[in-house]
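Rule-based calculations on the coordinates, nothing more; no lab input. Small disclaimer: the values here were computed from a predicted structure and weren't measured. Neighbour counts are summed over all protein chains in view; Cβ atoms, including those assigned to glycine, are modelled from backbone coordinates with ideal geometry.
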Amino acid sequence: MTENDVIEFVTGLPGVVAFTAGEDNGAPRAAWGDTFFYYDPDDLPSNRQMPFATIVVTDYEGFDTASDLNRPGVFRVNIGVGRAVFEEVLGYPPAAHAGRHEAVDYRALDRILPHPVYAAQSWICVLNPGDATADRMRTLLTGAHARAAARHRKGEHTTRT
């Protein structure tokens with residue numbers, strides 16, 4: 001799958017808004033090219049939205065470099081899956097990730113991995129999804145979308161301000 005394939009799939013889900021960071025929209029330079037997916041049927045102000053998935057295309061120096069996204073053609077799909085799905089997919093709860101962090105090869109392509117920074121918050125990731133992960137990733141994205149829609153219905157769709 002390409003970045004565009006992922007964007008097309010996720011934006012095909014009901015109520016999804018995609019935001020791709022760039023110079024033209026005032027996003028920080030470090031995020032240029034990254035795409036953020038929100039469940040936002042009500043068109044909330046951007047500072048009140050929380051993404052349920054993202055695509056990141058470069059390292060965030062000094063913060064998020066474990067995936068080595070600065071390699072040519074490499075991108076990472078990140079998905080907030082919740083504790084139960086995280087444990088189902090990875091075999092341990094998000095809270096146990098700190099003890100396993102060093103054993104993970106975050107550079108591996110086409111594998112479902114814990115997110116290198118946000119695993120404890122129940123985020124997983126896939127670098128360059130392909131034959132081994134594309135179908136499962138679509139299922140995980142659909143589930144994350146459903147969780148975001150449910151939070152929205154309950155009024156939990158906003159960040160604290």
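Can you list the residues, at least 5 places off or on another chain, whose amide H is less than 5 Å from the amide H of GLY33, using H built in the peptide plane?
Residues meeting the criterion, in which the H sits 1.01 Å from N, are ALA21, GLY22.
With only Lys, Arg, Asp and Glu charged, each at its Cβ (+1 for the first two, -1 for the last two), find how big the charge dipole of the chain is about the Cα centre; round to the nearest 20 debye.
In debye, rounded to 20, the chain gives about 600.
Along the three principal axes, how long is segment 1-53 when you take its alpha carbons, biggest first, rounded to the nearest angstrom?
Principal extents (largest minus smallest coordinate, Cα): 30, 29, 16 Å.
Can you run phi through the Karplus equation (6.51, -1.76, 1.60; θ = phi - 60°) for segment 96-112 and list ³J(HN,Hα) in whole Hz, with x for Gly and Pro?
Each residue of segment 96-112 in turn: 8, 5, 3, x, 10, 3, 5, 7, 8, 8, 6, 8, 5, 8, 6, 9, 7 Hz.
Order by neighbour count: ASP5, ASP40, fewest other Cβ atoms within 10 Å first, most last.
On the way: ASP5 12, ASP40 21.
Ordered from fewest to most neighbouring Cβ atoms within 10 Å, ASP5, ASP40 come out as ASP5, ASP40.
Comparing GLY26, GLY80, GLY130, which has the greatest mean-square fluctuation in the GNM of the chain with Cα pairs linked when under 10 Å apart?
Fluctuation is largest for GLY26.
Roughly speaking, what is the stretch gain from ALA95 to ARG107, that is 0.36 nm per residue apart minus the C-alpha to C-alpha distance, in nm to one decimal?
2.1 nm
How far apart, in nanometres, would the label points at ARG138 and ARG83 be if each is projected 7 angstrom from Cα along the Cα-to-Cβ direction?
If labels sit at ARG138 and ARG83, their model points lie 3.1 nm apart.
Using θ = phi - 60° and the Karplus form 6.51 cos²θ - 1.76 cosθ + 1.60, what ³J(HN,Hα) does each residue of segment 28-41 get, whole Hz, x for Gly and Pro?
Per residue, the Karplus-derived 3J(HN,Hα) values read x, 3, 4, 9, 3, x, 7, 10, 10, 10, 10, 8, 8, x Hz.
Through the Karplus equation 6.51 cos²θ - 1.76 cosθ + 1.60, θ set to phi - 60°, convert the phi angles of segment 55-61 into ³J(HN,Hα) values in whole Hz; use x for Gly and Pro.
The phi angles translate into 10, 10, 10, 9, 5, 9, 3 Hz.
Mind checking which of HIS115, HIS101, HIS145 has the largest fluctuation in a GNM of the chain, springs on alpha carbons under 10 Å?
In this elastic network of the chain, the residue with the biggest mean-square fluctuation among HIS115, HIS101, HIS145 is HIS101.
Where does the chain land on Rg(C-alpha)/(2.2 N^0.38 Å)?
After normalising by residue count via 2.2 N^0.38 Å, the value is 0.99.
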